[in-house]
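Following: one structure in structure tokens, then a few remarks.
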Amino acid sequence: MNRIAKILTIALLAFTASSCEKVILTEPEDVQLEVNAHNISGQWQLLEWNGSGLAEGTYMYLDIVRNDKTYTMYQNMDSFTNVPHIVTGSYFLYTDVELGALIRGNYDHDGGDWAHRYVIESLTETEMFWVAKDDPSFSQLFIRVDSIPVAE
């Protein structure tokens, strides 16, 4: 009788273990941050432009400063050399009721305004995604970097 009880107990445990739902571990989704001067400040590298990576050898970095809402851009997208074209200016954040957080800016030295105003569609600790308000096909994906290698 004792032997039958053991066999039934083992069978019951085996059945219970096999019928349990399997737990699948997944990576947690990146937490979306509030779009404000504090959260966008820092150093960013343009990773994708209009859904594609940049041409080999080209780069664009942004150093966004929270306190005075200024930025410095280091890029060679219009010169294709190893010497960065450095552009400075100011940026402005505001909220559109329908679209959400937007950013616009201007260039110092009589450069005028940016060509587009951008909806900041996503902002996490590591990524920021902009889409032009007037042309949704124009998008930019930035990743946060620890330093800007061409700033020296």
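With N denoting the number of residues in the range 24-128, provide Rg(C-alpha) divided by 2.2 N^0.38 Å, to two decimal places.
Working: Rg = 15.2 Å, N = 105, 2.2 N^0.38 = 12.9 Å.
Compactness ratio reported: 1.18.
Computed from backbone phi with θ = phi - 60° and the Karplus coefficients 6.51, -1.76 and 1.60, the 3J(HN,Hα) list for the range 57-73 is x, 9, 7, 8, 10, 10, 10, 9, 9, 5, 4, 10, 6, 10, 9, 10, 10 Hz; x is used for glycine and proline. Working note: Karplus 6.51/-1.76/1.60 with θ = phi - 60° gives the range 89-102 the couplings x, 10, 10, 9, 9, 8, 10, 9, 4, 8, 9, x, 6, 10 Hz, where Gly and Pro are set to x.
Neighbours of Asp146, meaning other residues whose beta-carbon lies under 13 angstrom from its beta-carbon, give a summed charge of -1 when Lys and Arg score +1 and Asp and Glu score -1.
With R₀ set to 30 Å, the beta-carbon distance separating Thr95 from Arg144 gives a calculated FRET efficiency near 0.85. Proximity of backbone amide H atoms, modeled 1.01 Å from N, is registered between Lys133 and Arg117, Tyr118, Val119 at under 5 Å, excluding neighbours fewer than 5 places apart on the same chain. Distant-in-sequence amide contacts of Met77, defined by a placed amide H-H separation under 5 Å and a gap of 5 or more residues or a different chain, comprise Tyr59.
Mind checking the range 51-140 for GluC sites (Glu not before Pro) that DSSP puts in a loop (not H, G, I, E or B) and that have at most 16 other Cβ atoms within 10 Å? Sites meeting the loop and neighbour criteria: Glu56, Glu98, Glu125.
A short reminder: the numbers here are calculations on the coordinates, not readings from a lab. Here the structure is a predicted model, which is why all the values come from computation and not from measurement. So basically every Cβ, Gly included, is an ideal-geometry build from the backbone, and we count neighbours across all protein chains shown.
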